[in-house]
Each structure stands twice: as C-alpha cells, then as structure tokens.
There are 2 protein chains.
Amino acid sequence: MTSQDIFDETRKHFDLPEGVLYLDGNSLGPLAKGVPGRVAQLVQNEWGHHLIGGWNAAGWVDLPARVGDRIGRLIGASAGTVVMGDTLSIKVYQALASALELRPDRRVILSDSNNFPTDLYMAQGLIASLDKGHELKVAVPEDVESLIDESVAVLMLTEVDYRTGRLHDMARLTAKAHAAGALVIWDLAHSAGAIAVDVKGADADFAVGCTYKYLNGGPGAPAFIYVAPRLADQARPALSGWFGHAAPFAFEPGYRPASGIERMRVGTPPVIALGALDAALDVWDDISMDRVRARSIELSEAFIAVVAAGCPTLELASPRDPWARGSQVSYFFEDGYAVIQALIAEGVIGDYRAPSIMRFGFTPLYLSLDDVRRAASILVDIIATRRWDQDCFKIKGKVT
Amino acid sequence: MTSQDIFDETRKHFDLPEGVLYLDGNSLGPLAKGVPGRVAQLVQNEWGHHLIGGWNAAGWVDLPARVGDRIGRLIGASAGTVVMGDTLSIKVYQALASALELRPDRRVILSDSNNFPTDLYMAQGLIASLDKGHELKVAVPEDVESLIDESVAVLMLTEVDYRTGRLHDMARLTAKAHAAGALVIWDLAHSAGAIAVDVKGADADFAVGCTYKYLNGGPGAPAFIYVAPRLADQARPALSGWFGHAAPFAFEPGYRPASGIERMRVGTPPVIALGALDAALDVWDDISMDRVRARSIELSEAFIAVVAAGCPTLELASPRDPWARGSQVSYFFEDGYAVIQALIAEGVIGDYRAPSIMRFGFTPLYLSLDDVRRAASILVDIIATRRWDQDCFKIKGKVT
C-alpha cells in the first residue's frame, strides 16, 4: 500500500469548497462531512430531546475522557491518560502550575523564543501570580538543549515551531531534562495529527495540544492534556474545578482531586464542541500516524521542489531535512503578507505570520500531490510576475 | 400588558419535547428553535466555506465581545464590559486572582457555605498555588454580612443559592464590603436570565456566570465575566492568554494586556458554542428582566400554593418571601432523589441536590401558570400516594 492510499481513503470525508487548495489546515482544519450531522443530532436530539438527561443518557459526562482516548491513540498515550477541555492556553497553565509544584526547589522555566506566544504569556502570568522568583528563560531553539541544567524546574517546549516548522527532538530533550531532574511539558499544537508522536515512548511528563488544526475539530475546539501516569496522582490541579473533583455531584465543600488524569478536568465540559470534534476524529479511525507522516513528507518535498525550481532565491524558513520539520513549510519573504493575500485571491490558502513568514501546511488526508504541486506553481507564478505587488493585497486587515 | 404576555411571546421560540413539564431550566436550559439553524449555518457555511477566513469574514474574532454585550444588557452592565469564554470555574479563578492582587495586604476570601462548590474549589486551588497565607473563610449565608471587616480582601458570593434559591442582597453586601475596603465577586450562575440584576447599580467589582441555565446556551456553553470599568485596566490577568493580549496577532514575546475587559479573554474562543449561545439569546431581545422576574414570582408562588395545599408538611427549603429567593423553589425531603425520579417518569423534570433537596426552576419564557400548577399537582400526588417508594426510583445513577 503506498501512502497515496491515505488520500484515496480519506479525501471523500472532507467537504472543501470548490476551487480551493487549502494549505492552512495547520491553522484551522476543514470541515469533515460527518460533523454537521453529528452536531445537528447532538443539538436537536440529545439536547433538545433529553434536556438535562443528556448528561447521562447521551453520555456527555464521559465525552472528555472518550474523546481524549481517541486523541491519545494519535499521540502515543495509553487509554485513560488524556482528557479534553478548555483551551490550550489553560492546559499549558495547568501543566505548568502542577510541574512547578513538583519541583519546589527550582525556579527556572526553560523555553525557546519561537514557542507560540500564548505558552510564554501563560508562563509569565503564572510567574507573576506566584511571585516566588521564578524565571522564564527563553533561548533560541538551538540553544535550549545546552541550557538544561539542575536549575531548571520545567522545560516547556512546543515540539513543532509554529512559524518555521522546526522540530524539537522530544525523546532526546526529555531524557536530557530528566537526567537533570527537570520535568518536561510538550505542546503538541502542530504535532497532533501532523506527525508521529509518542509521548509514552519519549517519557514526556505533560503534553498539551489543541484540536482545531490537524485534528479538524472546528474553530475554538477543546484542548487536550496528557499527564504521565506516574505523575497523574501527584500533580495538584491549580485549576481545581468541580469536574476534576473525585465526586463532582456529591457537592462537598472541600476539593478532593479525582484520581489520575480526570483531575485535570475543570468546569462543565463544552458538549457541543466535543461532539463536533468527536465526529471529526472518525476520519482518523483506521489511519496510522506513520502513514500520515510519510505522506506529509512526500507532499512537502514536492512543494519545495516546485518552488525551488521556479523561485530559486526564495528563502526557506523551514529545515531542509523533512525529518527535522513538522508538516509545514515556511518561507521568508518581506512582502509575505501581500503574497499570501494574492494566493488567497487565486484559491490557494496559506497564511502569514509576522514579521515575514509565509506558511503552508500539508495535510495528507485531503491534499494530493497534484494539489500541492499546483499550489506551489501558483506561488511561483505570483512571485515571478509580482502579482502580489498591488495595493489591494497590502492593506492589512485582522490577521489570523 | 400582563406578565402572561411574556410566555405568549416567547413560548413559540422553544422546542420542548411533547408531554414534558421542564422545571430544570436552572440546570440546563432547553433548546431554542433558532439554535439548530444557526449552528448548522456556522458549521456548514462559515467554517465549511470560509475555513480560516471565518475569523474575519464571519466575525468569529469578535463573538466573545458581541455575545458579552447581549448578556451585559441582562445583568445591568454597560456595553464593552462583559466578555465570553472558558467555563465559570475559570472565570471565578480569573476574577479571584485579579482581586487578590488588587488587595495585596489582605489575606481573607470570605464566602458562604452554600456557595456552589466549584467556586470554593477554585479558591482553594488558587490559595494553595499562591501559598501566601490566604484563608478561605466560609460562613453560613446569614453570617456573611457580619463577618465583613478590614481583613477581607475579597467577598466572593453566588447571588442565588443553587440549592435553596436564597438571594443575597447584592447592593447592600457590595456597599458593606466596599466600606471595609474589600472587593466583591458575584457569581450570577442562577441570576443571569432569572432575576433582574444590576451589576453597575450595585457597583459590583467582578461578576461571572454561566450561560447554560436560564440563558439556554446549551450544555457546557461558555461563561461570562464582567469587570467594573474603574478596575478593568488595573486588573492583571493571571490567565494571560494570547486572546487577552493587546495585539494577539503581533505574536510578541511578552504579554501586554489588552485594555479593559478584553484582557479577560484567554485562549481561542469556542466559536461553535458561542454561535449556539448567540442564537439562544435572540429570544431575549425584546424582554425586560423586570417582566421576567414578576412572572417568575407568579409561577413559583402558584407552585408553592398547590404544594402547600396538597402536602402541608413538605418543608420548603427556599425563602417563603419570593423577593428573597431567585427563580427556583426547593423542598427538603429525605427521599428526594426517589421523588425526583418518579416525577421524571411522569414527565415532570426537576432535580435533586444532595443531601436532601428537591429543586424546581421557574422559567417564564416557556412555562405557563397552568404548566406549573400541573407539575405541582403531580408532585403532590406522587408524595401522597408514595409512588416514589419503589426500588426503580432509588438506585442512584450518575446525578447531574
């Protein structure tokens, strides 16, 4: 079976607009065909018909764990070690607050300067709240490894750089951090559904991620958190909400954490959003991440080849070695914003990340080799003919 | 215009199952007819068609503020002072963390023993994280006022008691707290859409609430937070996520809070859930909370009258004065769990709260006087004939 087969099996599950080449699934995944029906069924039948009874009759109460297990399979986590809820920002905070308490004698959070800003912001907010002299040490990605020492309480990294796609070596950095007595939090925002992740094999302590990118959960879909089973019963939830209580419906006055990963639940779960995500995950049922990864590399290499041939001077912002990058390819271009707008006008959706990065995501479930080559040709043509150099493409609106 | 008119105007907007008398809208509001269409449109057209472009083209990025303004009107908040997101637990944490920092020399969080547990749990979690000697002082509701003194940093109360419906006097307690130099956080979970709230008139510092009860936003619908404008620019967000940043898409390495209430946003907004809630709020467009309140009192008084006539010994857990309770009526009954199950079997949905509370919510938008009297008669009859006294009603499953 060649990796092309993934596309043949899965493209039919997606509802993409006519004429669009969507290379932005790393920002917001597209709609899977099963989602509208599942959401309608949840809203009309489960909520409309069962009303409050839906919590039990329709299994809403268990959705965060059930969906968590489905994502767990894609990131190498055992059943019962991943739970859904909140946003990635909140999950970063939970992991970080727990990890810092597990290393009470250390004060350094080590991260890299290309980490997604919200991870750094959440750390800054937590440090200010704690007011105990913690320090967020932010190094360039290449220097992180050499800065791991016994001052580090927590190494907090996003595995795949959201701008360049550069990949950290999860297993090696985790081992190194452990050797220095530090804990590690991996943000899998651009990894889950994109590359083969093995949180268990890498012995990660915490992992968090969002589900609206490669997992196609929909805009603002719930986040996930993984805690290594060896730590899950020790980790004190700073955000100690009633759904993480050992007995939420006993309405006890004092917080008692549930055992294991369940304590990382906080408030009432976002049922409709979880239903949408659950339906989106059906697409992944028979898919191995190794196949997705192999195919993603074929796609990104094909894209790079066309661009390199047509625009040899365009500077790659991503590692040239496909195994050293995630499922995206980025280029530096000063007028990248205008180029992306010109591409969008011609049906090729990529995105722009300040200050000068053009970013293209490769999602084998609904992109073919031909799609990717066509998108690259249009990019080459827009740059070669300077079609981006028009006022209409340069006025920045809100950028997401 | 009599208050009956509310029902005549609004009942048609709800899709309630045939044969059900729903007195549990204080736990999960029912489906408004406009919701499935709006959700389908959002999923299929906005997400499916606009893909990543939906953030701007479909206005997703502004949804938390736009929906916040609609809720603001119902709680007496000015435009631009309420924002949506996360869960009520998270919003309690945000308010509390900000409030404690605004009173750095004080160590007491004062609350009451009937506060909803998650509020107390979140406070306990925050206190443990801060580890600075804060104390959560929990008094019986009647004693709270007398315990407000200059040791109190924050008074944190739920306006309407989730079990008994007892109402705190928001304006008086807020004034008393301010006189002692304390800040006040009001949890409006059982107030928003239930009674006439005036956060501005009462000079509340912070107010938070959920939207899946009287506001009918759907299971796990997003929460809201209000911060008094005089404090909004001083309040430091402990949960400093990128959507609360002054320039989220500049991807700056350091957190700079947005001005005003926007800084209380955290992560990526839950778009589908916000769309459902937005549609549910259409029902409220021409409704004044004073009319809802007047009618709610007629309904609860009618319920109490029927029960008092039929079961004179059944002990009311709610205040007898309707102006001293929210939009619910509760009774103590040792076998309350079984009674509620028997009621549900006969189409009357109320709920049970441990250890012995039977709880009934009154929601004038879709309950008529006749509905309420019929529900009360069935309750009377079930108790009089001991129809609850069967094994099938006594086996406790999961209780929500």
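Couple of notes before you dig in:
- Under the condition of being of a type in the set (A, V, I, L, M, F, W, C), farther than 14 Å from B:PRO269 by Cα and surrounded by fewer than 23 Cβ atoms within 10 Å (Cβ to Cβ), the residues counted in the range B:53-83 number 2.
- Residue check for B:ALA192: touching a Lys or Arg at 6+ places or on another chain (Cβ under 8 Å), assigned to a loop (DSSP other than H, G, I, E, B) and under 15 Å from B:LYS91 (Cβ atoms): yes
- For B:ALA153, the conditions (1) more than 29 Å from A:ALA99 (Cβ to Cβ); (2) more than 13 Å from chain A (Cβ to nearest Cβ); (3) touching a residue at least 24 places away in the same chain (Cβ under 8 Å) all hold with the exception of (1).
- All of A:ILE195, A:ILE261, A:ILE225 fail the test of being under 20 Å from B:LEU239 (Cα atoms), among the β-branched types (Val, Ile, Thr), touching a helix residue (DSSP H, G or I) at 6+ places or on another chain (Cβ under 8 Å) and not assigned by TED's automatic domain parsing to the domain that holds A:TYR366, apart from A:ILE225.
- Taken as a whole, the range B:132-144 holds no residue that is of a type outside the set (D, E, K, R), within 30 Å of B:PRO269 (Cα to Cα) and in contact with a Leu (Cβ under 7 Å, 6 or more places away or on another chain).
Quick grid of which residues meet (1) facing chain A (nearest Cβ under 7 Å); (2) without any contact (Cβ under 8 Å) to a residue 60 or more places away in the chain:
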{"position": "B:VAL197", "(1), (2)": "no, no"}
{"position": "B:VAL208", "(1), (2)": "no, no"}
{"position": "B:ASN216", "(1), (2)": "no, no"}
{"position": "B:PRO237", "(1), (2)": "yes, no"}
{"position": "B:GLY241", "(1), (2)": "yes, yes"}
{"position": "B:PRO248", "(1), (2)": "no, yes"}
{"position": "B:PRO257", "(1), (2)": "no, yes"}
{"position": "B:VAL266", "(1), (2)": "yes, no"}
{"position": "B:ILE272", "(1), (2)": "yes, no"}
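- Odd one out for A:ILE261 among (1) over 21 Å from A:TRP60 (Cβ atoms); (2) away from every other protein chain (no Cβ under 14 Å): (1)
- Scanning the range A:38-52 for residues that are more than 15 Å from B:GLU18 (Cα to Cα) and buried (at least 22 other Cβ atoms within 10 Å of the Cβ) yields A:VAL39, A:LEU42, A:VAL43, A:ILE52.
- Elements of the type strands (runs of 3 or more DSSP E) sitting completely within the range B:282-400 and holding at least 2 residues that are out of contact with any Leu (no Cβ under 7 Å at 6 or more places or on another chain) and either of a type in the set (Lys, Arg) or closer than 30 Å to B:GLY37 by Cβ (or both): these cover B:351-353.
- Residue match in the range B:73-86 (condition: of a type in the set (Val, Ile, Thr) and over 25 Å from A:ASP86 (Cβ atoms)): no
- Every condition in (1) in a helix (DSSP H, G or I); (2) in the same structural domain as B:ASN114 (by TED's automatic domain parsing) is met by B:PRO269 except one, and the failing one is (1).
- A Cβ distance below 6 Å, combined with a sequence gap of six or more or placement on separate chains, defines the contacts here; from the range B:219-230, residues that are more than 14 Å from chain A (Cβ to nearest Cβ) reach residues that are in a loop (DSSP other than H, G, I, E, B) and crowded, with 24+ Cβ neighbours inside 10 Å in the pairs B:TYR226/B:ALA77; B:TYR226/B:VAL199; B:VAL227/B:ALA235; B:ALA228/B:ASP205.
- Any hit, the range B:243-258, residues being within 24 Å of B:VAL197 (Cα to Cα) and part of a helix (DSSP H, G or I): no
- Meets criteria (within 14 Å of chain A (Cβ to nearest Cβ), over 19 Å from B:LEU96 (Cα atoms) and in contact (Cβ under 8 Å) with a residue 24 or more places away in the chain) for B:ARG163: yes
- Qualifying residue in the range A:48-63 (condition: under 24 Å from A:LYS213 (Cβ atoms) and modelled with pLDDT of 95 or more): yes
- Pick from the range B:1-37, criterion touching a Leu at 6+ places or on another chain (Cβ under 6 Å) and surrounded by fewer than 22 Cβ atoms within 10 Å (Cβ to Cβ), ranking: farthest from A:LEU28 (Cα to Cα): B:THR10
- Subset tally (residues that are of a type in the set (Gly, Ala, Ser) and out of contact with any Phe, Trp or Tyr (no Cβ under 6 Å at 6 or more places or on another chain)) for the range A:193-217: 4
- Applying a threshold of 9 Å to beta carbon distances and a minimum spacing of six or more residues, or different chains, the list of pairs starting in the range A:130-150 at a residue that is surrounded by 13 or more Cβ atoms within 10 Å (Cβ to Cβ) and ending at one that is among the hydroxyl-bearing types (Ser, Thr, Tyr) and part of a helix (DSSP H, G or I) reads A:LEU130/B:SER129; A:ALA139/A:SER146.
- For B:ALA294, the requirement of being outside the structural domain of B:LEU51 (by TED's automatic domain parsing) and under 30 Å from B:VAL83 (Cα atoms) is met.
- Residues that are surrounded by fewer than 19 Cβ atoms within 10 Å (Cβ to Cβ) and charged (D, E, K, R) were ranked within the range B:280-306; the one that is nearest to B:GLY29 (Cα to Cα) is B:ASP282.
- Being at the interface with chain B (Cβ under 9 Å from one of its Cβ atoms) and either in contact with a helix residue (DSSP H, G or I) (Cβ under 6 Å, 6 or more places away or on another chain) or modelled with pLDDT of 95 or more (or both) is true of A:PRO117.
- B:LEU277 being crowded, with 20+ Cβ neighbours inside 10 Å and within 30 Å of B:LEU369 (Cα to Cα): yes
- Hits in the range B:347-372 - residues which are charged (D, E, K, R) and surrounded by 15 or more Cβ atoms within 10 Å (Cβ to Cβ): B:ASP351, B:ARG353, B:ARG359, B:ASP371
- Pair list, Cβ < 9 Å and 6+ apart or interchain, from the range B:88-108 residues that are outside the structural domain of B:ALA123 (by TED's automatic domain parsing) to residues that are surrounded by fewer than 24 Cβ atoms within 10 Å (Cβ to Cβ): none
The values are calculated or read from the model by the stated rules, or taken from the named source; none is laboratory data. From a predicted model like this one, the values you see are computed outputs, not experimental measurements. We place every Cβ from the backbone using ideal geometry, glycine too, and count neighbours over all the protein chains shown.
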